[in-house]
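Q: A single structure is presented below for examination.
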Amino acid sequence: MAGIMDAELVIAAAQGGALGSLPCAMLTAEKAREQVNIIRQQVSAPLNMNYFCHKAVEPDPAGEAGWRQRLAAYYKEFGVDPAAPVNVANRAPFDVAMCEIVEELKPEVVSFHFGLPDRALLKRVKAAGCLVMSSATIVKEAIWLEENGADVIIAQGAEAGGHRGMFLTEDISEQPGTFALLPQVVDAVKVPVIAAGGIADGRGIAAAFALGAAGVQIGTAYLRCPESRVSAPARAALSQALDDSTVITNVMTGRPARGVVNRVMREVGPISADAPAFPHAATGLAPLKAAAEKVGRVDFTNLWAGQAVRLGREMPAAELTRALAGAALARMGQLAG
Ligand SMILES: Cc1cc2nc3c(=O)[nH]c(=O)nc-3n(C[C@H](O)[C@H](O)[C@H](O)COP(=O)(O)O)c2cc1C
């Protein structure tokens, strides 16, 4: 979960028995190495490094200026200078520098969002002995991933928090929910399938296994663990969120992602044709986010979360992981008996 966690949550989840995943999409290669070293000093469990592999778009100064214009009233309200220089968006696709880090650190698993990197890089990741996983949001993507070298497919349903892993479709209205997607992906591919989206307790995990999953990927349920880096105001917003509090939006980054509705999503989105391509929409929002957070507001903060956000609990991640596994086994036992 890029942007809201680091080694500490990976370590705690791994201590509870999960495959901890380090989000590297917003890290430099050096920072990723540093985080992996911290994790390996604490736990000997297998490690997953996670990357984005979107196609980087050419800078579009006119589009970005238009976006800042669209946000002009907010700049005025928060006393932010729209002409002030902004750090460039730092969600970079997997590249040679990151591949070298993977070859050096040899994590047991490397997972990708938005497809797979180009063939040469993927070959190097596999030659380093890493198992490769990637997300599919429709069956066509799952088949493509299997044909192009993924060892494990993550079937990501519409309920999931964060960015849709979609890469062969652009239509969010077409995306099936986890319950419909998962068995169809299981039927379509030979590799193991991990279920993702809306799974937040033992019932959800048992249901995913009943539908053919070989494992589950859980994000939202961990957001309020003390080891996450979710800010205090964002934590408060998440703790009040209900089943109908999330929507899919493109205004926060330029790519569709699910999160709890904030002010800019409500007033400019949730979907806006003015939002520059991923990840550049975030650039125009960055100074506003910083200014609003200073006064304890999450008007421009990503509150990525899935539809099961209300099931999230505030407890240490190792404990949560054990509780989830225990509850799932108990539920499966009840169903079998
Ligand atoms: C806050 C947040 C950040 C996320 N960031 C990433 C990411 O960096 N890479 C990725 O592959 N998936 C990311 N996801 C998606 C998760 O990997 C996963 O598919 C999703 O959390 C599963 O659904 P759930 O949120 O209902 O548990 C993120 C999800 C959330 C909630």
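The values are calculated or read from the model by the stated rules, or taken from the named source; none is laboratory data. Computed from a prediction, not measured in an experiment: that's the story for all the values here. Cβ: placed from backbone, ideal geometry, glycine included. Neighbour counts: every protein chain shown. SASA here: full protein model, heavy atoms, side chains in, ligands and nucleic acids out. Shrake-Rupley method; radii C 1.70, N 1.55, O 1.52, S 1.80 Å.
Q: Considering only residues that are touching a Lys or Arg at 6+ places or on another chain (Cβ under 9 Å) and more than 13 Å from the ligand (Cβ to nearest atom), which ones fall in the range 154-187?
A: Within the range 154-187, Leu168, Thr169, Ile172 meet the criteria.
Q: Evaluate the range 146-159: report whether one residue or more is over 20 Å from Met1 (Cβ atoms) and in a helix (DSSP H, G or I).
A: Yes, that holds for at least one residue.
Q: Looking only at the range 264-290, how many residues end up being open to solvent by less than 40 Å² (accessible area, probe 1.4 Å), in contact (Cβ under 8 Å) with a residue 24 or more places away in the chain and farther than 19 Å from Asn90 by Cα?
A: 3
Q: Filter the range 215-241 for residues that are more than 10 Å from the ligand (Cβ to nearest atom), aliphatic (A, V, I, L, M) and either in contact with a Gly (Cβ under 8 Å, 6 or more places away or on another chain) or more than 11 Å from Ala305 (Cβ to Cβ) (or both) and give the result.
A: Of everything in the range 215-241, those that are more than 10 Å from the ligand (Cβ to nearest atom), aliphatic (A, V, I, L, M) and either in contact with a Gly (Cβ under 8 Å, 6 or more places away or on another chain) or more than 11 Å from Ala305 (Cβ to Cβ) (or both) turn out to be Ala232, Ala236.
Q: Restricting the range 188-214 to residues that are outside any loop (DSSP other than H, G, I, E, B) and more than 15 Å from the ligand (Cβ to nearest atom), which is surrounded by the fewest Cβ atoms within 10 Å (Cβ to Cβ)?
A: My answer is Ala210.
Q: Okay, moving on. If I filter the range 165-176 for residues that are in contact (Cβ under 8 Å) with a residue 40 or more places away in the chain, closer than 30 Å to Asp60 by Cβ and not in a loop (DSSP other than H, G, I, E, B), do I get at least one hit?
A: Yes: the range 165-176 contains one or more residues that are in contact (Cβ under 8 Å) with a residue 40 or more places away in the chain, closer than 30 Å to Asp60 by Cβ and not in a loop (DSSP other than H, G, I, E, B).
Q: Testing Glu170 on (1) touching an Asp or Glu at 6+ places or on another chain (Cβ under 9 Å); (2) surrounded by fewer than 17 Cβ atoms within 10 Å (Cβ to Cβ), one condition comes back false. Which one is that?
A: Condition not satisfied by Glu170: (1).
Q: Taking interchain pairs and intrachain pairs at least six residues apart, which have beta carbon atoms under 8 angstrom, with the first residue in the range 1-24 and within 17 Å of Ala232 (Cβ to Cβ) and of a type in the set (Asp, Glu) and the second open to solvent by 40 Å² or more (accessible area, probe 1.4 Å) and in a strand (DSSP E or B)?
A: none
Q: May I ask you to say which residue of Val10, Val80 is of a type in the set (A, V, I, L, M, F, W, C) and within 16 Å of the ligand (Cβ to nearest atom)?
A: Val10
Q: Going by the structure shown, is Leu223 under 14 Å from the mean Cα position of the chain (by Cα), at pLDDT 95 or above and under 23 Å from Ile154 (Cα atoms)?
A: So Leu223 passes the test.
Q: Looking at the range 231-324, what helices (runs of 4 or more DSSP H) fall wholly within it and have at least 3 residues that are modelled with pLDDT of 95 or more and under 24 Å from Lys76 (Cβ atoms)?
A: It comes to 263-268.
Q: Give Val43, Val110 a once-over and let me know the one that is modelled with pLDDT of 95 or more, in contact with a helix residue (DSSP H, G or I) (Cβ under 8 Å, 6 or more places away or on another chain) and within 16 Å of the ligand (Cβ to nearest atom).
A: Val110
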